[in-house]
Protein chains: 2
Amino acid sequence: MDVADHVGVSAMTVSRALNQPDKVAEATRERVQEAIEALGYVPTLAANTLRRERSGVIVVVVPTIDQSVFSDTVQGISNTLDKAGYQLLLACASYDPDKEEDLVKAFLGHRPDGVILTGTLHTPTTRRHLANAGVPVVEMWDVSDENMDMAVGFNNFEAGYAIAQHMFRCGYERVGYVATGPAHEARENRAATRSKGIYAAFSDAGFAEPVRMNVRDPLIIQDSGRIAADFVLSHPDIDAIICANEIIGVGAINELRERGVSVPDDIGVSGIGDANIAALVSPGLTTVQFPGYEIGTQSAELLLARLDDPTSTSERRDVGFDVVPRGSTVGIKGCDQPR
Amino acid sequence: MDVADHVGVSAMTVSRALNQPDKVAEATRERVQEAIEALGYVPTLAANTLRRERSGVIVVVVPTIDQSVFSDTVQGISNTLDKAGYQLLLACASYDPDKEEDLVKAFLGHRPDGVILTGTLHTPTTRRHLANAGVPVVEMWDVSDENMDMAVGFNNFEAGYAIAQHMFRCGYERVGYVATGPAHEARENRAATRSKGIYAAFSDAGFAEPVRMNVRDPLIIQDSGRIAADFVLSHPDIDAIICANEIIGVGAINELRERGVSVPDDIGVSGIGDANIAALVSPGLTTVQFPGYEIGTQSAELLLARLDDPTSTSERRDVGFDVVPRGSTVGIKGCDQPR
DNA sequence: CCACCTTATGTTAAGGTTAACATCATGCTG
DNA sequence: CAGCATGATGTTAACCTTAACATAAGGTGG
């Protein structure tokens with residue numbers, strides 16, 4: 001080792017100077033430090049990992065990171081891990097469990113100290129590899145009895161149920177559903193579960209299944225707004241729509257306004273999820289708010305706790321959600337109108 | 001090696017079956033593949049990195065990732081690297097060059113094959129370490145003569161200049177500037193450069209320096225909107241404001257609407273940067289649009305090209321920007337009114 | 001002043017992989 | 001069929017770090 005030669009000590013002493021400073025004479029330690037500075041030495045973590053069987057790396061897989069609420073979650077994870085000295089290996093699985101499988105397989109080669117995944121929809125092979133590696137796993141955004149280990153999130157069924165119930169409380173009686181389509185729901189577990197919650201609320205409230213329209217690409221505002229608006233205009237009997245995400249909801253509000261349909265006077269609109277944009281359109285979009293950043297920080301915290309004490313149990317934290325009434329729906333009967 | 005024993009071949013043959021399949025007899029390769037499947041073997045990348053001096057990891061440092069346009073950029077990088085089989089080690093430096101230094105130092109231990117940084121503001125130590133490691137570097141979001149190696153972005157001075165010039169072309173003559181404050185600009189090189197561009201445009205157009213207001217926390221919509229609105233109301237002579245980012249701009253539009261000030265009839269508003277929200281408020285925010293996703297993909301591409309051919313030159317790609325006129329400013333004299 | 005403890009440092013081997021070289025069988029050329 | 005090219009596989013060593021054990025110098029107590 002370069003630094004060792006430079007100082008005239010063995011490699012072991014350099015290693016100790018860095019990892020167990022109190023085991024090295026102060027004078028030596030200082031000379032080692034100086035040499036490290038002077039030579040710009042950076043320890044080779046690959047060798048470190050190999051020898052110690054501990055990499056200091058945490059793998060995070062989210063569906064996407066652009067524009068989405070997952071970027072908040074990643075920020076939360078990053079901030080928390082950073083403080084603890086862990087590094088973050090990130091990948092986007094595009095809502096595709098097979099892609100997730102490939103990513104996890106490749107990432108496990110780095111012998112991560114922990115893995116944070118989104119949702120509970122994983123291939124059997126993914127599960128097998130994770131179990132095989134014996135690595136702690138946190139699943140985010142979905143707390144249910146399907147979690148494989150630790151989990152931080154909320155109950156998506158309840159979230160869907162809650163927004164539908166809220167619409168009924170507002171007094172809407174013929175509520176349509178602008179959803180993301182069976183193909184998307186097959187891949188997006190959480191969306192499918194929320195749909196089930198919505199249907200259950202209809203049923204429990206004594207309504208028939210809602211009239212439903214599926215949006216092809218539920219992440220493009222203009223397109224989904226247009227489809228939602230068409231849907232509304234072709235179903236004059238409908239008095240409100242629930243949109244399966246906030247993109248569709250905001251798109252609908254914008255498009256309806258342009259077509260001269262007044263929200264919420266002519267039609268109520270609600271979404272699910274609460275990106276920045278939901279509060280900024282006018283009227284604001286009534287929606288279910290999920291604490292994205294907090295899901296990130298708590299996931300990381302749970303993982304760190306496990307790393308600290310490997311015997312700790314598989315905690316599942318339900319961080320809940322909030323129904324946020326805004327201007328796109330009328331006030332709940334007997335209550336104040338939302339702003 | 002487990003797999004090798006299982007198949008009854010040497011470790012080398014397993015290695016070859018994975019990395020140089022054509023050097024291995026087909027029958028052997030198949031048996032190796034089966035054993036790999038059966039045992040859930042995942043190659044230890046640490047050993048691989050150690051031996052080959054090549055990690056397959058690319059380090060990416062952005063200021064933040066939440067809500068911001070950098071999340072688009074990271075998505076672009078992720079998508080591009082993923083296709084090429086590289087993995088992404090991500091960190092957020094919070095606009096702090098010292099933190100960036102620590103991150104880079106730590107990350108270099110992974111012997112990344114490339115590093116992608118945001119902006120040109122780095123500590124001397126950061127530069128030294130990067131040079132020392134001999135790792136290819138791409139700087140994003142700022143193309144200027146200060147780039148250390150490759151770069152993908154645009155000229156921030158010109159971007160500032162362009163939006164100010166656009167306001168003058170719209171006919172505004174007493175334009176105020178809602179900026180992010182000296183503290184922020186000291187840390188945020190690109191914002192400072194854009195400010196300079198704005199001032200230069202005022203000067204070139206024959207105007208005195210704009211009346212200026214600084215926003216404490218330029219990333220919180222409600223607060224900055226309030227400050228911007230206060231500023232407008234306390235300066236009745238002003239006919240338009242340029243906001244230093246789109247958060248302030250959108251906040252200003254919302255807050256001014258609530259206070260009964262009509263945009264753009266009473267006052268024009270423009271921003272810099274173009275998150276989703278800029279197009280979704282009403283009126284839409286006139287702003288300068290930066291191609292965040294494309295900056296990501298091109299940065300990754302540039303890096304991949306260099307990895308492919310280490311002798312390639314330090315290309316700098318100016319992806320430009322677009323001034324996007326929306327409803328928050330009046331139309332340019334003699335031209336159509338923007339939607 | 002010897003046995004023993006402490007402190008500082010060194011030595012050896014191992015971790016999993018692969019480059020480089022070595023071996024061996026097979027088949028082809030002349 | 002000797003000589004040699006080809007293809008398939010094996011062996012060795014090295015990549016850099018650190019756990020575990022070893023050594024050496026100095027100090028303590030009886």
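Coordinate-derived values only; no laboratory data. This structure is a prediction, so every number in the text was calculated from the model and none was measured. Cβ coordinates were reconstructed from backbone atoms using ideal geometry, including for glycine residues, and neighbour counts include every protein chain displayed.
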Prolate/oblate/rounded call for chain B, Cα gyration tensor, a/c under 1.5 rounded:
prolate
Strictly greater than 17 Å: what percent of every Cα pair in segment B:83-123 meets that?
30
Taking a point 7 Å out from Cα toward Cβ as the label site, list the nm distances between A:ARG54 and the same residue in every other copy, smallest first.
3.2
With a 10 Å cut-off between alpha carbons and a GNM built on chain A, which of A:ARG317, A:ARG190, A:ARG257 moves the most?
A:ARG257
For segment A:244-339, what number results from the quotient of the Cα radius of gyration and 2.2 N^0.38 Å?
1.46
Based on the Cα gyration tensor of the protein assembly as shown, what are the three equivalent ellipsoid semi-axes, each the root of five times an eigenvalue, rounded to whole Å and given largest first?
45, 35, 21
What spacing in nm lies between the two simple spin-label points modelled at A:GLU315 and B:ALA131, each 7 Å away from Cα in the Cβ direction?
4.7
Nm distances between the label at B:ASP309 and the same-position labels in the remaining copies, 7 Å along Cα→Cβ, shortest first?
5.8
With no solvent and one point per C-alpha, what does the Debye sum give as log10 I(q)/I(0) for segment A:1-134 at q = 0.10 Å⁻¹?
-0.48
Cross-link pairs A:LYS83/A:LYS105; A:LYS83/B:LYS83; A:LYS99/B:LYS83; A:LYS83/B:LYS105 - those with Cα-Cα distance over 23 Å
A:LYS83/A:LYS105; A:LYS83/B:LYS83
Taking only Cα atoms, what is the 0 to 90° angle, nearest 10, from helix B:97-108's long axis to the longest principal axis of chain B?
10
Mind listing the phi-derived Karplus ³J(HN,Hα) values for segment A:50-65, rounded to whole Hz, using 6.51, -1.76 and 1.60 with θ = phi - 60°, and x for any glycine or proline?
4, 6, 8, 6, 6, 9, x, 10, 10, 8, 10, 10, 10, x, 9, 10
Counting other beta carbons within 10 Å of each residue's own, what order do A:VAL330, A:VAL137 fall into, fewest first?
A:VAL330, A:VAL137
Calculate log10 I(q)/I(0) of segment B:10-53 for q = 0.27, 0.32 Å⁻¹, where I(q) comes from the Debye formula with a single equal point scatterer on each Cα and nothing for solvent.
-1.01, -1.15
How tilted is helix B:189-204 with respect to the longest principal axis of chain B? Cα atoms for both, answer in degrees (0 to 90, nearest 10).
30
Amide H neighbours of A:GLU173 under 5 Å, counting only residues 5+ apart in sequence or on other chains, H built in-plane at 1.01 Å?
A:ASP239
Contact order normalised by length for chain B, with contacts defined as Cα pairs under 8 Å and 6 or more residues apart; what percent is it?
16
Would you compute, from DSSP H runs of 4+ residues alone, the mean residue ellipticity of chain B at 222 nm, taking -39500 (n - 2.57) per run and dividing by the full residue count, rounded to the nearest 500?
-14500 deg cm²/dmol
The exposure ranking of A:GLU255, A:GLU139, A:GLU315, B:GLU37, fewest beta-carbon neighbours within 10 Å first, is B:GLU37, A:GLU315, A:GLU255, A:GLU139
Using the basic label-point model (7 angstrom from Cα toward the beta carbon), what is the A:ARG52 to A:ARG174 distance in nanometres?
6.7
Taking the 0 to 90 degree range and rounding to the nearest ten, how far is the long axis of helix A:246-258 tilted relative to the main principal axis of chain A, both from C-alpha atoms?
40
By the C-alpha gyration tensor axes a ≥ b ≥ c (rounded if a/c is under 1.5, else prolate when a/b exceeds b/c, else oblate), the shape of segment A:151-219 is oblate
Any idea what % of Cα-Cα pairs in segment B:161-312 are farther than 22 Å?
41
What residue among B:ILE272, B:ILE248, B:ILE238 has the largest mean-square fluctuation in a Gaussian network model of chain B, using Cα springs under 10 Å?
B:ILE238
With springs connecting C-alpha atoms under 10 Å apart, model chain A as a Gaussian network and identify which of A:PRO136, A:PRO236, A:PRO325 has the largest mean-square fluctuation.
A:PRO236
